[in-house]
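Novice: One structure coming up, written as structure tokens, with questions to follow.
Read-outs throughout are calculated quantities, based only on the coordinates presented, and are distinct from any laboratory measurement. Computed from a predicted model, the values in this text were never measured in an experiment. In this analysis, Cβ positions are derived from the backbone assuming ideal geometry, glycine residues included, and neighbour counts consider all displayed protein chains.
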Amino acid sequence: MRCISIGAALLAGLLSGDVVGAASSNQMTEKQIAPSVDVELVIAVDVSYSMDLDELAVQREGYAQAIVSKVFLQALRAGPNSKISLTYFEWSASSDQKIIVPWRVIDGPETADAVASDIMNTPVRRGSRTSISGAIQFAMPLFEEDPYRGLRRVIDVSGDGPNNNGLPVAPVREEALAKGIVINGLPIMVKEPSYATMDIDNLDWYYEDCVIGGPGSFVVPITDREKFKEAIRAKLLLEVAGRTPEHRVIPTAEKEPRVSCLIGEKLWQDRWAR
């Protein structure tokens, strides 16, 4: 697992490299035998109340603009199939997920424009609580609904706080990894941590140690509001290009998390369960 700076993510050579991952040998259907897209990408976006309206708007714009950007389309064309399948949903509590863009193929400017338009034309909404585990649980079966088969399956999770609702995040993460799904993270750290919103220090460490996982998994932290959109573009480029860390991925079981994976639940209990 690796934490990647925005600048490093945009370095030249991003589009080169081998595509990571392979189709599962289980249930050898035609869809699995012949991958038709380079990656099946689930974008899971936090819309909890700890995100202010400006952050929600910039987040939406960031994904929409990244998908139609010249560098994204160049990365798309560099893949073996020159296309990806993508679905985009918003989440907050464990029971609150809403699909904004159902599975769609992006294979060039026209399809990219259509997806970006759907993202931007959907009214911004907000929800209570933060359930990263609920988002991952919701995302996993979506891959079975995708009519296309990818060389890789990736869940792209963005959020500004730790899990505080639903199941603990670590075992749900392990369930996804066992299915061959890679989880990447976009921790949003543009505000000073606040007890009122139950933010934590070192959210990037929490995402690295408790949320992301799988071959080539990485975190792109956002620490500057002005670079919000740039970070989103960097992460999507890495996911489409199938880049891997330069150093060995450390399996989750080999190290203790630097931030407790239950810190969000503890903060919620300390504040409300007295």
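Novice: Is the range 64-85 home to any residue that is over 18 Å from the mean Cα position of the chain (by Cα), touching a residue at least 40 places away in the same chain (Cβ under 8 Å), surrounded by fewer than 22 Cβ atoms within 10 Å (Cβ to Cβ) and at positive phi?
Specialist: There is at least one residue in the range 64-85 that is over 18 Å from the mean Cα position of the chain (by Cα), touching a residue at least 40 places away in the same chain (Cβ under 8 Å), surrounded by fewer than 22 Cβ atoms within 10 Å (Cβ to Cβ) and at positive phi.
Novice: On to the next question. Considering only helices (runs of 4 or more DSSP H) fully contained in the range 122-214, which possess at least 3 residues that are surrounded by 16 or more Cβ atoms within 10 Å (Cβ to Cβ)? Let's see the steps before the verdict.
Specialist: Values: elements: 132-139, 142-145, 169-178, 203-206.
The helices (runs of 4 or more DSSP H) meeting that bar are 132-139, 169-178, 203-206.
Novice: Separate question: How about the range 106-117: which of its residues are closer than 18 Å to Pro147 by Cβ, in a helix (DSSP H, G or I) and not hydroxyl-bearing (Ser, Thr, Tyr)?
Specialist: Result: Ala114, Val115.
Novice: I would also like to ask the following. Taking into account only those residues within the range 162-191 that are free of Cβ contacts under 8 Å to residues at least 60 places away in the same chain and within 12 Å of the chain's Cα centre (by Cα), which is farthest from Leu53 (Cα to Cα)?
Specialist: By that ranking, first place goes to Ile181.
Novice: Could you please find all residues in the range 83-105 being outside any loop (DSSP other than H, G, I, E, B) and over 30 Å from Asp52 (Cα atoms)?
Specialist: Step one: list which residues in the range 83-105 are outside any loop (DSSP other than H, G, I, E, B), which gives 84-91, 97-105.
Within the range 83-105, Ile84, Val105 qualify.
Novice: Now for a separate question. Is there any pair with a first residue in the range 145-161 that is under 10 Å from Asp38 (Cα atoms) and a second that is surrounded by fewer than 20 Cβ atoms within 10 Å (Cβ to Cβ) and of a type in the set (D, E, K, R) whose Cβ atoms are under 6 Å apart and which are 6 or more apart or on different chains, and what are they?
Specialist: Arg149/Lys31
Novice: Provide a single number: the residues in the range 86-111 that are among the acidic types (Asp, Glu), over 23 Å from Ser133 (Cα atoms) and under 21 Å from the mean Cα position of the chain (by Cα). So that I can check it myself, show each step before the final result.
Specialist: First, pick out the residues of the range 86-111 that are among the acidic types (Asp, Glu): 90, 96, 107, 110.
When the remaining residues are screened for being over 23 Å from Ser133 (Cα atoms), the result is 107, 110.
Then keep just the ones that are under 21 Å from the mean Cα position of the chain (by Cα); that gives 107.
Of the residues in that region, 1 qualify.
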